[in-house]
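Quick one: this structure, given as structure tokens, is what I'll be asking you about.
Every read-out reported here was derived from the displayed coordinates using simple, explicitly stated rules and does not represent laboratory data. Remember, it's a predicted structure, so these values are computed and weren't measured experimentally. Glycine also receives a Cβ, built like all others from the backbone with ideal geometry; neighbour counts cover every protein chain displayed.
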Amino acid sequence: MNMQTTLAGVTFQNPVMTASGTFGSGMEYSEFVDLNKLGAVVTKGVANVPWPGNPTPRVAEVYGGMLNAIGLQNPGIDVFMERDIPFLKQYDTKIIVNVCGKSVEDYVEVVERLGEEPAVSMLEINVSCPNVKEGAIAFGQKADALYHITQEIKKKAKQPIIMKLSPNVTDITEMARAAEAAGADALSLINTLTGMKIDIHKRKFAIANKTGGMSGPAIKPIAVRMVYQTAQAVQIPIIGMGGIANAEDAIEFLLAGASAISVGAMNFVNPYCTMEIVQGIADYMERYHIENLSELIGAVQA
């Protein structure tokens with residue numbers, strides 16, 4: 001069976017990736033996961049300077065998943081290039097770097113630095129960051145802002161770029177079309193849904209930030225719907241994510257139109273889940289006599 005998938009000219013040995021922010025930069029999970037067997041490691045968000053993140057508490061368990069308001073804490077591009085890239089180069093897997101920033105200039109600075117590193121196959125651009133020049137509205141919540149940042153990054157990027165779309169919008173297809181029109185090579189969706197939890201005994205917010213990003217199995221039906229809608233609206237490939245816990249979930253996203261999938265919150269519950277999903281997709285293909293993974297992509301029947 002051929003489990004390879006291709007996005008923007010980059011070929012991956014299988015469609016299973018790690019969702020940014022849930023897998024560190026690979027080192028943290030290397031005792032549990034054979035990184036050589038992953039389609040790609042998608043790193044935690046990297047900024048042009050170190051970010052301290054939000055005050056604690058910043059994680060809370062909720063029914064069907066979790067809330068987090070980590071605030072994209074990261075050591076910055078210098079540490080990432082010196083420590084994390086050399087580590088990942090040891091493995092036979094593709095490297096996708098997630099990029100975050102507070103202004104277009106911040107993003108471009110990181111993108112230009114990463115252009116110097118040929119081991120990085122693609123860049124995933126986190127547009128759920130607050131745009132400090134536009135009243136802290138996320139880049140991914142206004143179509144014109146998304147178009148602008150995509151266009152500016154494409155001017156400087158040496159690698160293909162994936163725009164990671166926020167689900168906290170009225171129409172996901174409007175955002176997808178804006179990214180495609182500005183030159184995005186691929187899309188990934190969905191990022192977390194904004195949620196809140198209140199401790200009724202303390203009568204306080206469970207997270208210091210008040211709101212956090214909801215992830216986990218409870219959001220999967222929303223994510224599958226958005227991936228399907230987006231696949232009908234654009235021609236560029238999609239990486240699907242949101243609540244994937246097992247191979248069955250992953251296959252749903254493929255059938256809905258995703259060319260690859262990313263596993264997020266479930267890494268915290270079961271650190272072996274990515275390996276189980278790779279094997280589960282292979283078992284499914286064998287069971288239904290599917291020779292090429294491409295036969296599954298967008299194959300849902302009305």
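Starting at the first residue of the stretch 263-271, write each ³J(HN,Hα) from the Karplus equation 6.51 cos²θ - 1.76 cosθ + 1.60 with θ = phi - 60°, in whole Hz, x for Gly and Pro.
Each residue's phi maps through the Karplus curve to give 9, x, 4, 5, 4, 6, 7, 9, x Hz.
Below 8 Å, C-alpha to C-alpha, sequence gap of six or more: please give me the relative contact order for the stretch 35-147 in percent.
Normalised by residue count, the contact order of the stretch 35-147 is 27 percent.
To continue, here is another question. Connecting C-alpha atoms closer than 10 Å in a GNM of the chain, tell me which of ILE162, ILE244, ILE200 has the biggest fluctuation.
Among ILE162, ILE244, ILE200, the largest mean-square fluctuation in the Gaussian network model of the chain belongs to ILE200.
For the stretch 183-221 and the stretch 114-153, compute the distance between their C-alpha centroids and round to whole Å.
With the stretch 183-221 and the stretch 114-153 each reduced to a Cα centre, they are spaced 20 Å.
Return the loop-located trypsin sites (Lys or Arg not before Pro) in the stretch 43-114 (DSSP other than H, G, I, E, B) with at most 16 other Cβ atoms within 10 Å of their own Cβ; answer none if there are none.
For trypsin sites (Lys or Arg not before Pro) across the stretch 43-114 that sit outside H, G, I, E and B with at most 16 neighbouring Cβ atoms in 10 Å, the list reads LYS89.
So in the chain, what percent of DSSP beta bridges are antiparallel if you round to the nearest 5?
If I count the DSSP bridges inside the chain, around 40 percent turn out antiparallel.
I need to check one value: relative contact order of the stretch 197-302, counting alpha carbon pairs closer than 8 Å and at least 6 residues apart, in percent.
Relative contact order, the stretch 197-302: 24 percent.
Anyone know which of VAL234, VAL62, VAL278 comes out most mobile in the 10 Å Cα GNM of the chain?
VAL62
On to the next question. How do SER259, SER103, SER121 line up, fewest other C-beta atoms within 10 Å first?
Ranking SER259, SER103, SER121 by Cβ neighbours within 10 Å, fewest first, gives SER103, SER121, SER259.
Next up: What does the extension gain come out to for PHE32 and LYS156, with contour length at 0.36 nm per residue minus their alpha carbon separation?
Working it through step by step, the gained length comes to 41.0 nm.
Defining a contact as two alpha carbons under 8 Å apart and six or more residues distant in sequence, what relative contact order in percent does the chain show?
Relative CO of the chain lands at 20 percent.
Assuming 0.36 nm per residue, please report the length gained on full extension of the stretch GLU117 to GLU105 beyond their Cα-Cα distance.
Taking 0.36 nm per residue and subtracting the Cα distance, the gain is 2.4 nm.
Gap in Å between the Cα centre of the stretch 16-61 and the Cα centre of the stretch 246-273?
Result: 16 Å between the Cα centres.
Can you show me the helix-derived [θ] at 222 nm for the chain, built from DSSP H runs with n ≥ 4 at -39,500 (n - 2.57) apiece and divided by the number of residues, rounded to the nearest 500.
Here the helix-only value at 222 nm equals -8000 deg cm²/dmol.
Enumerate the amide H contacts of GLN4 below 5 Å, restricted to partners 5 or more residues apart or on another chain; note that Pro and chain-start residues carry no placed amide H.
Sorted by chain and number, the residues that satisfy this are LEU293.
A further question follows. Classify the stretch 231-302 as rounded, prolate or oblate from the Cα gyration tensor: take a ≥ b ≥ c as the square roots of its eigenvalues, call it rounded if a/c is under 1.5, otherwise prolate when a/b beats b/c and oblate if not.
Oblate, since a/c reaches 1.5 and b/c is not below a/b.
How many angstrom lie between the Cα centre of the stretch 63-90 and the Cα centre of the stretch 160-174?
Result: 21 Å between the Cα centres.
Let me ask something additional. Taking 7 Å along the Cα-to-C-beta vector as the label spot, tell me the ASN2-LYS202 distance in nanometres, rounded to one decimal.
5.5
Where in the stretch 219-233 does the label zone of ALA302 land, with the point 7 angstrom along Cα→C-beta and an amide N cut-off under 19 Å?
225-233
Would you kindly derive the ³J(HN,Hα) couplings of the stretch 18-31 from the backbone phi angles with the Karplus curve 6.51 cos²θ - 1.76 cosθ + 1.60 (θ = phi - 60°), listing them in order in whole Hz, with x for Gly and Pro?
10, 6, 3, x, 10, 9, x, 10, x, 4, 5, 10, 5, 6
I've got another one for you. For a quick check: with amide H placed at 1.01 Å from N, whose amide H comes under 5 Å from ALA258's, ignoring anything fewer than 5 positions away on the same chain?
Long-range HN contacts for ALA258: GLY298.
Go ahead and run the numbers for FRET between THR170 and THR11, Cβ-Cβ distance against an R0 of 45 Å, rounding to 0.05.
After rounding, the FRET efficiency stands at 0.80.
Here are a few candidate values for Rg and Dmax of the Cα atoms in Å: (i) 18.0, 56; (ii) 18.4, 60; (iii) 20.0, 70. Which one was actually calculated from the structure I just gave you?
Correct label is (i).
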